[in-house]
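Participant: Pasting in a structure now, in structure tokens, and then I'll have a few things to ask.
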Amino acid sequence: MSEQESPGRERLHTYLNDHLAGSVAAIELLDDLIEHHSEDRFGKFFSDLRDDIHADQEKLRDLIGKVNGKESALRKAAGWVSEKFGRVKIGDADDSAELLQVLEGLALGITGKKLLWRSLGAVASNFPALQGTSFSELEERARAQFERIERLRIEITREAFRA
């Protein structure tokens, strides 16, 4: 069996596409937050975070291509739909308690992305197409994104549950 036909490669394609779908959902959510917060203290924060996540999304697309995978339209659609359902649950992104839940969702997604980069670094030696990518730098970027979200999340927590 060739490397191209290996079950590991198929699982890698699925794994990358699952994370791509997550990034689609995150960008959709951030677009909504940017629209709701364009004139307040959060607008630039969400815009900068969207730019970072978009760059990571492009890296995922690049990696999918390098391993001769194809983007899964179904998985991207599922990510889009899940964001829409999440938006219904979240409701009013101007409410601090609901904004807290949004930030926690973004933090979970970024944590997953950090783990993605770490996992890919651990298996890069098995896939020549992954070699040469600095997964440790990508992991560090995700860690920094998480720290930015966490600082804001703590600030919003204090606002949401002020006595």
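Participant: Quickly run through segment 112-136 and pick out the residues that are without any contact (Cβ under 8 Å) to a residue 60 or more places away in the chain and part of a loop (DSSP other than H, G, I, E, B).
Facilitator: Q131, G132, S134
Participant: Is it fair to say L130 is closer than 30 Å to R41 by Cβ and modelled with pLDDT of 95 or more?
Facilitator: No: the conditions fail for L130.
Participant: When both residues are 6+ apart or on different chains and their Cβ atoms are under 9 Å apart, which pairs have a first residue that lies in segment 147-158 and is in contact (Cβ under 8 Å) with a residue 40 or more places away in the chain, and a second that is open to solvent by 60 Å² or more (accessible area, probe 1.4 Å)?
Facilitator: If the second residue must be open to solvent by 60 Å² or more (accessible area, probe 1.4 Å), the pairs left are I149/E104; R153/E104.
Participant: Report every pair of residues separated by at least 6 positions or lying on different chains whose Cβ atoms are under 8 Å apart, first residue within segment 20-48 and within 28 Å of K70 (Cα to Cα), second of a type in the set (V, I, T).
Facilitator: Taking only residues 6 or more apart or on different chains, the pairs are L20/I64; S23/I53; A26/I53; I27/I53; L29/V102; L30/I53.
Participant: Of everything in segment 16-58 that's open to solvent by 40 Å² or more (accessible area, probe 1.4 Å) and of a type in the set (S, T, Y), which residue is nearest to F135 (Cα to Cα)?
Facilitator: S47
Participant: Name the residue, out of A107, A55, that is closer than 21 Å to E140 by Cβ, in a helix (DSSP H, G or I), at pLDDT 90 or above and in contact with a Lys or Arg (Cβ under 7 Å, 6 or more places away or on another chain).
Facilitator: Selected residue: A107, the only one of A107, A55 that is closer than 21 Å to E140 by Cβ, in a helix (DSSP H, G or I), at pLDDT 90 or above and in contact with a Lys or Arg (Cβ under 7 Å, 6 or more places away or on another chain).
Participant: Let me ask something else about it. If you take the residues of segment 117-128 that are surrounded by 15 or more Cβ atoms within 10 Å (Cβ to Cβ) and touching a Leu at 6+ places or on another chain (Cβ under 8 Å), which of them is nearest to A26 (Cα to Cα)?
Facilitator: Restricting to residues being surrounded by 15 or more Cβ atoms within 10 Å (Cβ to Cβ) and touching a Leu at 6+ places or on another chain (Cβ under 8 Å), the top hit is W117.
Participant: Kindly evaluate L63 against the criterion of being at pLDDT 95 or above, open to solvent by less than 70 Å² (accessible area, probe 1.4 Å) and closer than 24 Å to F127 by Cβ.
Facilitator: yes
The values are calculated or read from the model by the stated rules, or taken from the named source; none is laboratory data. Predicted model, so just to flag it, every value in this text is computed and none were measured. Ideal geometry is used to build each Cβ from the backbone, glycine not excepted, and the neighbour counts take in all protein chains shown. Areas reflect the complete protein model, heavy atoms only, side chains present, ligands, DNA and RNA absent. Shrake-Rupley method; radii C 1.70, N 1.55, O 1.52, S 1.80 Å.
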